[in-house]
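Student: I am attaching a structure below and will ask some questions about it afterwards.
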Amino acid sequence: MPRALLSVSDKGGLTGFARGLQRLGFELYATGNTLKAILDAAIDARPVTDLTGFPELMDGRVKTLHPGVHAGLLARRDKAEHMEALEGLGLKTIDLVCCNLYPFVETVSRPAVTFEEAVEQIDIGGPAMIRAAAKNHEAVVVVVRPERYTEVLAALHGGGPDLAMRRRLAADAYAHTAAYDSWIAAYMRSTTDAGFPPELSFAGQLVEALKYGENQHQRAAFYRFGPDPGGLGGAKQLQGKEVGFNNIQDAAAALQLVSDFDRPAAAIIKHMNPCGLAVAEDIATAYRMAYECDKVSAFGGVVAVNRPLDRSTAELIVQIVTHVVIAPDVLDEATEVLARRRGMVVLAANEASRGVFDYDVRTVAGGFLVQDWDRAGFDRASCVVVTRRQPTEHEWEQLGFAWTAVKHVKSNAIVLFNECAAVGVGAGQMSRVEAVQIAVHRAGERARGSVMASDAFFPFPDGLEWAIRAGVTAAIQPGGSMKDEEVIAAADAAGIAMVVTGQRHFKH
């Protein structure tokens, strides 16, 4: 008679799976609450102590860590000496393990969880049992995910699973324990100031397989960090077609941008760069002003707002083709308006939480780069006015908006702001002066009276001079160029104000 050992934290589908195993002739063994759930469903099962001959110890901390379990899992059926050793010790083989782990992730995701509570959710016996079963997968079926129950029962009913399926299940098992350990390590690091460790892993939960990646010939999928990490990982899709790889990237960039503003803000993103941004007293006005920044590029873009989406804003958005709209909430009054663009994706999401995987990660061939997120904002007190003319109070406000915006533009980055709206954006250029030229071209007459932000210093005065000729009255930039004196002299000669921050915002 085949034997199955069940020990699960997630009880979803458990009794149906146990009943299916029983009908297939399995003798069932289970631990603690798993056993209780099975017996309460009137399914015959025996306690794991019948395999170990030893009681559970220390509030269940020690129950499966015993040769009665691990010898039965690890014994090679094709090795006579293994089977003879089992028989000589009166131990039994175990042919199937169904196990998932203590809810560590859910525990540490709760606000105000204590360290002691977190530590108690570190599973020891479960990972050992899963890994042992997966190692001997040619003889032992290992199941860690409830969504596999139906597939496994069908395979068992047909005389399987075959070797390929057993290996897929083993891969699931090792991924499950690896992700679990990644969460534990990340949590432990988050409680100290350990810096970057010698080994670093990330645990992602599959949200969905995507139709394709950045291009149609590339496969892709979307993973999130934990059960509800906020940001795009915690977004709820309210309407629209299947979300795509590029949609997710652009929506993430849009959400990060508007989340940096305290006042009502709206942004329009195209290819990870803002082509429109504005701050106003309400989001409908902010969206209208953002759209006016670059009406051509706004077509087919991604829109984000940092307030609940209302009807008046929705009425403006649906007037042009928009691929994605993302907001912290969508009011009922806006839902019927957005539905006019049936294919448009509408997402409800808030800014990403600062969880244990709070890193900005970029992959490269053969490795990945890890850094802190750029959360530095505008700090007027740390700015230094380097020109003879001081900015006016109005210019200071606009400089703050522009400096916040330029952080979200690909380098080399230039943003012109006028009357609380971006009026020109120069993004991703190899030459800073060309970035200025693009921004002033986009702005046209709206450049007159605007302020300018540059994500890094001006290597020569020429970029600033282009902005001056276009009508810029104040500029903000990090400073630190060997030509700073010449750049400042150009500003003084034109009578504009210039502020240096001492901090750059490269975004590659």
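Student: Pick from TRP403, TRP373: which is over 25 Å from LEU309 (Cα atoms), among the hydrophobic types (A, V, I, L, M, F, W, C) and either loosely packed, with under 12 Cβ neighbours inside 10 Å or touching a Pro at 6+ places or on another chain (Cβ under 9 Å) (or both)? Step through it out loud before you land on a result.
Tutor: On the way: TRP403 fails: either loosely packed, with under 12 Cβ neighbours inside 10 Å or touching a Pro at 6+ places or on another chain (Cβ under 9 Å) (or both).
Of the residues listed, the single one that is over 25 Å from LEU309 (Cα atoms), among the hydrophobic types (A, V, I, L, M, F, W, C) and either loosely packed, with under 12 Cβ neighbours inside 10 Å or touching a Pro at 6+ places or on another chain (Cβ under 9 Å) (or both) is TRP373.
Student: Within segment 207-221, does at least one residue satisfy the condition of being closer than 18 Å to ASP360 by Cα and either assigned to a loop (DSSP other than H, G, I, E, B) or over 10 Å from the mean Cα position of the chain (by Cα) (or both)?
Tutor: Here is the first cut: in segment 207-221, the ones closer than 18 Å to ASP360 by Cα are none.
Among the residues of segment 207-221, not one is closer than 18 Å to ASP360 by Cα and either assigned to a loop (DSSP other than H, G, I, E, B) or over 10 Å from the mean Cα position of the chain (by Cα) (or both), which makes the answer no.
Student: Only one of these conditions is not met by GLY159: (1) surrounded by fewer than 16 Cβ atoms within 10 Å (Cβ to Cβ); (2) in a helix (DSSP H, G or I). Which number is it?
Tutor: Failed condition: (2).
Student: Which one of these does VAL141 not meet: (1) under 20 Å from ALA203 (Cα atoms); (2) in contact with a Pro (Cβ under 9 Å, 6 or more places away or on another chain); (3) hydrophobic (A, V, I, L, M, F, W, C)?
Tutor: (1)
Student: Taking only segment 425-468 into account, find how many residues are of a type in the set (Lys, Arg) and under 22 Å from ALA298 (Cβ atoms).
Tutor: First, the residues of segment 425-468 that are of a type in the set (Lys, Arg): 432, 442, 446, 448.
Filter once more, keeping what is under 22 Å from ALA298 (Cβ atoms): 442, 446.
Total satisfying the criteria: 2.
Student: Only one of LEU369, LEU347 is in a strand (DSSP E or B), under 30 Å from PHE202 (Cα atoms) and without any contact (Cβ under 8 Å) to a residue 24 or more places away in the chain; which?
Tutor: Values: LEU347 fails: without any contact (Cβ under 8 Å) to a residue 24 or more places away in the chain.
Selected residue: LEU369, the only one of LEU369, LEU347 that is in a strand (DSSP E or B), under 30 Å from PHE202 (Cα atoms) and without any contact (Cβ under 8 Å) to a residue 24 or more places away in the chain.
Student: If the Cβ limit is 6 Å and pairs must be 6+ apart or interchain, which residue in segment 1-30 that is under 19 Å from ILE130 (Cα atoms) and touching a residue at least 24 places away in the same chain (Cβ under 8 Å) pairs with which residue that is surrounded by fewer than 16 Cβ atoms within 10 Å (Cβ to Cβ) and of a type in the set (S, T, N, Q)?
Tutor: Between residues of segment 1-30 that are under 19 Å from ILE130 (Cα atoms) and touching a residue at least 24 places away in the same chain (Cβ under 8 Å) and residues that are surrounded by fewer than 16 Cβ atoms within 10 Å (Cβ to Cβ) and of a type in the set (S, T, N, Q), there is no close pair.
Student: Can I ask one more? Could you list, in sequence order, all residues of segment 87-129 that are in contact (Cβ under 8 Å) with a residue 60 or more places away in the chain, more than 28 Å from the chain's Cα centre (by Cα) and not in a loop (DSSP other than H, G, I, E, B)?
Tutor: Hits for segment 87-129 are LEU96, VAL97, CYS98, GLY125, ALA128, MET129.
Student: Let me ask something else. Do any residues in segment 254-267 that are over 17 Å from ARG375 (Cβ atoms) have Cβ atoms under 7 Å from those of residues that are assigned to a loop (DSSP other than H, G, I, E, B) and hydrophobic (A, V, I, L, M, F, W, C), where the two are at least six apart or on different chains, and which pairs are they?
Tutor: These pairs meet every condition: PRO264/ALA280.
Student: In segment 239-247, is there at least one residue being assigned by TED's automatic domain parsing to the domain that holds CYS275, part of a strand (DSSP E or B) and more than 30 Å from PRO127 (Cβ to Cβ)? If you could, list the steps in order and put the result at the bottom.
Tutor: Kept after step one, since they are assigned by TED's automatic domain parsing to the domain that holds CYS275, are these residues of segment 239-247: 239-247.
Filter again for part of a strand (DSSP E or B), leaving 239.
Subset that is more than 30 Å from PRO127 (Cβ to Cβ): 239.
Yes, that holds for at least one residue.
Student: Further, regarding this structure: Would you be able to tell me the number of residues in segment 307-336 that are crowded, with 19+ Cβ neighbours inside 10 Å, β-branched (Val, Ile, Thr) and in a helix (DSSP H, G or I)?
Tutor: Counting residues in segment 307-336 that are crowded, with 19+ Cβ neighbours inside 10 Å, β-branched (Val, Ile, Thr) and in a helix (DSSP H, G or I) gives 2.
Student: Now a separate question. For segment 62-87, enumerate the residues that are among the charged types (D, E, K, R) and in contact with a helix residue (DSSP H, G or I) (Cβ under 8 Å, 6 or more places away or on another chain). It would help to see each step written out before you state the result.
Tutor: Step one: list which residues in segment 62-87 are among the charged types (D, E, K, R), which gives 63, 76-79, 81, 84, 87.
Residues satisfying the conditions are LYS63, ARG76, ARG77.
Student: When you look at VAL144, is it touching a His at 6+ places or on another chain (Cβ under 6 Å) and hydrophobic (A, V, I, L, M, F, W, C), yes or no? Walk me through it before giving the result.
Tutor: On the way: touching a His at 6+ places or on another chain (Cβ under 6 Å): yes; hydrophobic (A, V, I, L, M, F, W, C): yes.
Yes, satisfied.
Student: While we're on this one: Picking from ALA194, ALA186, ALA175, ALA220, which residue would you name as being over 14 Å from VAL243 (Cα atoms) and in contact (Cβ under 8 Å) with a residue 24 or more places away in the chain? Don't jump to the end; show me each part of the working.
Tutor: On the way: ALA194 fails: in contact (Cβ under 8 Å) with a residue 24 or more places away in the chain; ALA175 fails: in contact (Cβ under 8 Å) with a residue 24 or more places away in the chain; ALA220 fails: over 14 Å from VAL243 (Cα atoms).
Going through ALA194, ALA186, ALA175, ALA220 in turn, just one is over 14 Å from VAL243 (Cα atoms) and in contact (Cβ under 8 Å) with a residue 24 or more places away in the chain: ALA186.
The values are calculated or read from the model by the stated rules, or taken from the named source; none is laboratory data. This is a predicted model, so every value here is computed, not measured. Neighbour counts run over all protein chains shown; Cβ positions are idealised from the backbone, glycine included.
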